[in-house]
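Enquirer: This is the structure I want to talk about, given as structure tokens.
Every number here is computed from the coordinates shown, using simple stated rules; none is lab data. On a predicted model such as this, the values are computed, not experimentally measured, just so you know. Please note: Cβ atoms are built from the backbone with ideal geometry, for glycine as well, and neighbour counts cover all protein chains shown.
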Amino acid sequence: MSELTKEVSEEPSIEPQVQELTAEIDSSQPIDSSTSANAHSYSTRSKHRAQQDEHELKSKLKQKEHNVVVYPRLKPIPFKHSDLLVNSVQPSFTEATTVRDMKFYQCEDLPINKRGFKYKPCRPNPEFQSNLYSTTDIPPYHVCVDLFDRSPGIIFDNDLTTVSTLQGWRSARANVGIREGSYYFEFEIVNSCEDNSHVRIGLARREASLEAPVGFDAYSYGIRDISGEYITTSRRKTVCIDQGFKSGDVIGFLVELPSLSKHKQAVAKFVEEKLIEAKVNPNKETGKKKRKTTKKPVDLQENVKFNIHDNIIRDQIPIRYKNSLYYEQFEYTTTKTMDHLLNPITVFGEKAVLENDDKTKSIPIIPNSRIRLFKNGIEQQEIKDLYSFLPTNLEHTDDLSLSANLNQQQNPNYRNSDDGTLGYYPMLSTFQHGVVKLNPGPDFKYPPVTSVKPLCSRYDETVVEEWLWDIIDEVEAEYLDSFE
């Protein structure tokens, strides 16, 4: 029986594969001089401190000469020789149930994205002298359900393209996201609207909850099977799929997003307009007493320098979990503004007030963005003006109309940066044995009339992107290490 399915169990520990920061030796501490050995210890300590001070002085002079500031970083510990003999993580599947003659499995060998952290497999890389590790992947090496990015209640087929659940609403995201361009994919409805089973399908950002159906919050757009209504923030909108969908139907999604450069220009313009608006019409609530905070003041201008040239910031460290290697990263978490769209209530002491002001005006929109929907090859109503997934260089404040668009709750040093995973992901949600399959292409049951990329092409693109940023991170790390 797996460790996580025992009646009383503890989650396996995560072992960070990083070196501890070298502690400075405090020569002011009293030293017992009762023995000659202690006297020798004092001498050795002083000599070590002098060498350390000399080393730090040389490093600072070199940094000043090259106009570089080097901050302390967690360095990975050398990998074991046995790690080189393992090609990749090989998760083991346990059969869970059978639905419509299809076998479904569960997996408990992998860390799952939760509590503000996310995971992906990594491997030792002898070519990397500073970072020592690089990104890899696990089978089946194509677009499918992400085993790291799912609710624990989701079960899946052997090919990781079809999902179901034995419980209430649970969700899973695909292992690739869409950041720009046009991509087409299909959802094949295998079991829905029969024996109290249901399916919802749609697109979701990183922050969307996996313990609820797609469309539950403002971070996702879902389609209901019963009525075909488009749903977000748990509120039904217009009917997008005529008469909904049921078992046997195929729902096509054609996602159209502008280039990242145009998207960033629109976000920058939005921020500029918001800052001007705040100066012209100061918030009426600014006279109220502000809450005390222990957070460091944010230097927005420093953030601009930090994110210049479309920089991708991947704060990731190698960890060991159940004797396999993974990268652990900070995950994007919800913001107060987006939470307010889901629950527009403000509590004052024992009094709850329903606010009717439109907070959607405080959220940037992706220009010319839309989701074109198809039912069995016939085009339906589209969804337009998706919320932006890119960061806005603003502070997190109590004024929800002028607050940052993104957040990493577990990261105290978050600088409104993009780690390369931001975007919209296909999301599959099931209820009580509902079954849905993701078909990323290239072979579609109802191919699109227009010439667009199939979602399956995003897998190779994502691999190349990870490979590129692994190399850039290594070059940067080697350069910064040269100042030590």
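Enquirer: Let me spell out the model: positive unit charges on the Cβ of Lys and Arg, negative unit charges on the Cβ of Asp and Glu, origin at the Cα centre of the chain. What dipole size does that give, in debye rounded to 20? If you can, show how the numbers build up before the last one.
Expert: Numbers: 60 positive and 72 negative charges, 279 e Å.
Charge dipole, the chain, about its Cα centre: 1340 debye, nearest 20.
Enquirer: Sticking with this one: Whole Å is fine, so just give me how far the alpha carbon centre of segment 438-469 lies from that of segment 221-254.
Expert: 23 Å
Enquirer: Expected output is a single nm value to one decimal: the length gained when fully extending between Trp467 and Glu180, i.e. 0.36 nm times separation in residues minus the C-alpha distance. What is it? It would help to have the intermediate numbers written out before the result.
Expert: Numbers: separation 287, 0.36 × 287 = 103.32 nm, distance 1.91 nm.
Separation in residues times 0.36 nm, less the Cα-Cα distance, equals 101.4 nm.
Enquirer: Compute for segment 128-174: radius of gyration divided by Kirkwood radius, i.e. Rg/Rh, restricted to C-alpha atoms, rounded to two decimals. Walk me through the numbers on the way to the answer.
Expert: Details: Rg = 14.3 Å, Rh = 12.4 Å.
Rg/Rh: 1.15.
Enquirer: List, in the order given, every pair from Lys279/Lys359; Lys64/Lys269; Lys384/Lys437; Lys305/Lys453; Lys269/Lys336; Lys269/Lys305 whose Cα-Cα distance in the structure shown is over 27 Å.
Expert: Working: Lys279/Lys359 19 Å; Lys64/Lys269 36 Å; Lys384/Lys437 25 Å; Lys305/Lys453 34 Å; Lys269/Lys336 22 Å; Lys269/Lys305 18 Å.
Among Lys279/Lys359; Lys64/Lys269; Lys384/Lys437; Lys305/Lys453; Lys269/Lys336; Lys269/Lys305, the Cα-Cα distance tops 27 Å for Lys64/Lys269; Lys305/Lys453.
Enquirer: Here's something else I'd like to know. Evaluate the relative contact order of segment 99-232 (contact order divided by residue number), counting alpha-carbon pairs under 8 angstrom at least 6 apart; express in whole percent.
Expert: On the way: 205 pairs, mean separation 22.4, N = 134.
Over segment 99-232, the number comes to 17 percent.
Enquirer: What number, rounded to the nearest 500 deg cm²/dmol, is the helix-based mean residue ellipticity at 222 nm of the chain, given -39500 (n - 2.57) per DSSP H run of at least four residues and division by all its residues?
Expert: Values: 6 runs with 95 residues, N = 484.
For the chain, the value works out to -6500 deg cm²/dmol.
Enquirer: If you fit an axis through the alpha-carbon atoms of helix 36-66 and take the longest principal axis of the Cα set of the chain, what angle between them do you get, 0 to 90°, nearest 10?
Expert: 60 degrees
Enquirer: Then there is this: Taking only the alpha-carbon atoms of the chain, what semi-axes of the equivalent ellipsoid follow from 5 times the gyration tensor eigenvalues under a square root, in whole Å, largest first?
Expert: Details: eigenvalues 378, 184, 99 Å².
Computed over the chain, the values are 43, 30, 22 Å.
Enquirer: If you place +1 on the Cβ of every Lys and Arg, -1 on the Cβ of every Asp and Glu, and leave all else neutral, what size is the dipole of segment 84-141 about its Cα centre, to the nearest 20 Debye?
Expert: Details: 7 positive and 6 negative charges, 56 e Å.
So the dipole magnitude of segment 84-141 works out to roughly 260 debye.
Enquirer: When the Kirkwood radius is taken over all Cα pairs of segment 87-156, what Stokes-Einstein diffusion coefficient follows at 4 °C and 1.567 mPa s, in µm²/s? Walk me through the intermediate numbers first.
Expert: Details: Rh = 14.1 Å.
Using the Kirkwood radius from Cα pairs, D works out to 92 µm²/s.
Enquirer: Against the longest principal axis of the chain, how steep is helix 260-280, in degrees 0 to 90 to the nearest 10, with axes from Cα atoms?
Expert: Approximately 80 degrees, to the nearest ten.
Enquirer: Further, regarding this structure: Select from Gly244, Cys193, Ser362 the residue farthest towards the positive end of the dipole of the chain; place +1 on Cβ of Lys and Arg, -1 on Cβ of Asp and Glu, and compute about the Cα centre.
Expert: Ranked along the dipole, the leading option is Ser362.
Enquirer: Of Leu390, Ser151, Ser92, which is farthest on the positive side of the dipole of the chain, counting Cα position, with +1 on Lys and Arg Cβ, -1 on Asp and Glu Cβ, and the Cα centre as origin?
Expert: Result: Leu390.
Enquirer: Separate question: Multiply the residue separation of Asn311 and Glu95 by 0.36 nm, subtract the distance between their alpha-carbon atoms, and state the gained length in nm to one decimal.
Expert: On the way: separation 216, 0.36 × 216 = 77.76 nm, distance 4.29 nm.
Gain on stretching Asn311 to Glu95: 73.5 nm.
Enquirer: Further question on the same structure: If you take the C-alpha gyration tensor of segment 104-216, multiply each eigenvalue by 5 and take the square root, what semi-axes do you get, largest first, in whole Å?
Expert: On the way: eigenvalues 163, 51, 40 Å².
So the three semi-axes of segment 104-216 are 29, 16, 14 Å.
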